[in-house]
Amino acid sequence: MDWSNKVYEELSEFEKFKADKLIDLALDSASDYKVNPPNEHDRIVIRDYVRKNLSTLNRIDEHTAPHDKNF
């Protein structure tokens, strides 16, 4: 799915679900330089940023393994 020029608030419920799943997938695989996963505050901030910049999901979607796309 191409996320360019999309606005989170204007997405269908299914598209929001798909976007949130991609965001969570990226956050679950993220870590800082000490290999610590993001804390809950960081996850909220990053999730809000990605929701405001949905085109970044294009890069997340490209790097997702095919078996992870079952949503």
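Counting other C-beta atoms within 10 Å, and keeping those with at most 15, which DSSP coil chymotrypsin sites (Phe, Trp or Tyr not before Pro) do you find in the stretch 1-63?
Within the stretch 1-63, the qualifying chymotrypsin sites (Phe, Trp or Tyr not before Pro) (loop, at most 15 other Cβ atoms within 10 Å) are Y33.
State, to one decimal in nm, how far the label point of I44 lies from the label point of S4, with both points 7 Å from Cα in the Cβ direction.
Inter-label distance under the simple model: 3.4 nm.
Using a simple charge model, +1 on the beta-carbon of Lys and Arg, -1 on the beta-carbon of Asp and Glu, nothing else, what dipole does the stretch 8-68 show about its Cα centre, in debye to the nearest 20?
Here the size comes out at about 140 debye.
Extent of the stretch 8-68 along each principal axis, from alpha carbon coordinates, in Å, largest to smallest?
Principal-axis extents of the stretch 8-68 (Cα, largest first): 37, 27, 16 Å.
Bear in mind that the values in this text are calculations on the coordinates, not laboratory data. All of these numbers come straight from a predicted model, not from anything done at the bench. Neighbour counts run over all protein chains shown; Cβ positions are idealised from the backbone, glycine included.
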